[in-house]
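> Have a look at the structure that comes next, please.
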2 protein chains.
Amino acid sequence: MVRKPQQARSILSMARMLDAADALFAEGGDEALTVEAVVERSSTSVGSFYARFGDRNGLLEAMHERFLERLATGGQIAIQAAARQKKLVGALEVLITHIFAIVREYRNSARFFVMHRSTDVKLRAQGIQANAFFARMFTDLVLRYQNEIAHAKPANAADVAWRMTFAMFAQQVMFENQEVSGAAISDKALVRELARCLTAYLTSAA
Amino acid sequence: MVRKPQQARSILSMARMLDAADALFAEGGDEALTVEAVVERSSTSVGSFYARFGDRNGLLEAMHERFLERLATGGQIAIQAAARQKKLVGALEVLITHIFAIVREYRNSARFFVMHRSTDVKLRAQGIQANAFFARMFTDLVLRYQNEIAHAKPANAADVAWRMTFAMFAQQVMFENQEVSGAAISDKALVRELARCLTAYLTSAA
């Protein structure tokens, strides 16, 4: 289906406003994210801003939705790549490598929403729904390697492994590696050790 | 040494102001945390507020320092209890149990600072220094059980285990258990599985 020019223009101007909002937050934090600044930076109009987002909260919701969609796309690509691995440890290493790359790409947006979700009920609900979705993708992947899993409750263990993976994702969002402990570790080494840790857990009987 | 009454009064009024600030944030978030509200709730005076804290930023720094001191005290008690365990898995389970209890007690303060540290350079620096301190406490504990550790680089593995423990601490601060995956798990079961996971990692050779 060919989009009408007007609709395509409208979609492009929305994307420009969202890009401007992401950039403003990255540069100046929450305070820099005003309707006026978004409109000016995206060369749109106050009228088109309000027509599209309703108000600043509407903008935040749209930013959050786009962010979660991007994470979901990145997550699906990561899972597909991981699932091609023969062994669980390889699958986890590929998956976590992708997750760390996603963090690098979307760290600003992610930090923004970690800070906002704590107080915004609607964004928090969206985030929690997304977590459940990602959890299912992760546990489905792990359970493809059920022949390697020695834990008595594979589904529960896969869920715990997800919780740890998500926690490390959030840690990568909020901190540089050397801020967490003072000891130096490269992203590559950290990914390898995490995959090794989760594999040791899933594949050991006690 | 007996404190002069005036000094004791001053210390008490500072503690009252910090308690009031914690409570105000817990109830109404960052916006509720105004100098006026702190003074009113703590039955102190604007003059004594400014004499003590300089400004609102000074209050935030004092809140953060008290919070980190409390975490350090809780952490030391946790380490002492953990170090009495015969086996690594028991030590980690005791330690993580304490950490989860600390989260429950200080979750409001912790959320506040997770949100503030992202943008406040001074608080972030304080937090990073504290992380290095906690990392050392954790790795020292783990390396007491060196005879059980099969990882080729025990110190590096202990550091990775710290990173995962800290990540789960932060996850407990920011989320309820059922918000992370949609699957149900009790705190007690989660603690046990984390201890088991870290132990499997540290005690396996490959």
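The values are calculated or read from the model by the stated rules, or taken from the named source; none is laboratory data. Keep in mind it's a predicted model, so treat the numbers as computed, not measured. Please note: Cβ atoms are built from the backbone with ideal geometry, for glycine as well, and neighbour counts cover all protein chains shown.
> Output the number of the condition that B:Asp187 fails; it satisfies all remaining conditions of (1) more than 7 Å from every other protein chain (Cβ to nearest Cβ); (2) among the acidic types (Asp, Glu); (3) out of contact with any Phe, Trp or Tyr (no Cβ under 6 Å at 6 or more places or on another chain).
B:Asp187 satisfies all of (1) more than 7 Å from every other protein chain (Cβ to nearest Cβ); (2) among the acidic types (Asp, Glu); (3) out of contact with any Phe, Trp or Tyr (no Cβ under 6 Å at 6 or more places or on another chain) except (3).
> Does B:Asp30 satisfy the criteria of being outside the structural domain of B:Lys122 (by TED's automatic domain parsing), closer than 28 Å to B:Met137 by Cβ and either part of a helix (DSSP H, G or I) or touching a His at 6+ places or on another chain (Cβ under 6 Å) (or both)? Can you show your working first?
Working: outside the structural domain of B:Lys122 (by TED's automatic domain parsing): yes; closer than 28 Å to B:Met137 by Cβ: no; either part of a helix (DSSP H, G or I) or touching a His at 6+ places or on another chain (Cβ under 6 Å) (or both): yes.
Against the criterion (outside the structural domain of B:Lys122 (by TED's automatic domain parsing), closer than 28 Å to B:Met137 by Cβ and either part of a helix (DSSP H, G or I) or touching a His at 6+ places or on another chain (Cβ under 6 Å) (or both)), B:Asp30 does not qualify.
Quick grid of which residues meet (1) more than 22 Å from B:Met174 (Cβ to Cβ); (2) away from chain A (no Cβ under 13 Å); (3) under 14 Å from the mean Cα position of the chain (by Cα):
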site: B:His98; (1), (2), (3): no, yes, yes
site: B:Glu105; (1), (2), (3): no, yes, yes
site: B:Phe112; (1), (2), (3): no, no, yes
site: B:Ala130; (1), (2), (3): no, no, yes
site: B:Met137; (1), (2), (3): yes, no, yes
site: B:Val142; (1), (2), (3): yes, no, no
site: B:Ala152; (1), (2), (3): yes, no, no
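> Which one of these is facing chain B (nearest Cβ under 10 Å), under 25 Å from B:Arg124 (Cβ atoms) and crowded, with 16+ Cβ neighbours inside 10 Å: A:Gln178, A:Gln172? Lay out the reasoning, then the answer.
Values: A:Gln178 fails: crowded, with 16+ Cβ neighbours inside 10 Å.
After applying the criteria, what remains is A:Gln172.
> Taking the stretch A:52-78 as the search range and keeping residues that are surrounded by fewer than 19 Cβ atoms within 10 Å (Cβ to Cβ), of a type in the set (A, V, I, L, M, F, W, C) and in contact (Cβ under 8 Å) with a residue 40 or more places away in the chain, which one is nearest to A:Glu193 (Cα to Cα)?
By that ranking, first place goes to A:Ala72.
> Go through (1) within 9 Å of chain B (Cβ to nearest Cβ); (2) within 17 Å of the chain's Cα centre (by Cα); (3) over 20 Å from B:Gln178 (Cβ atoms) and name the single condition A:Ala167 misses.
So A:Ala167 meets the others, but not (3).
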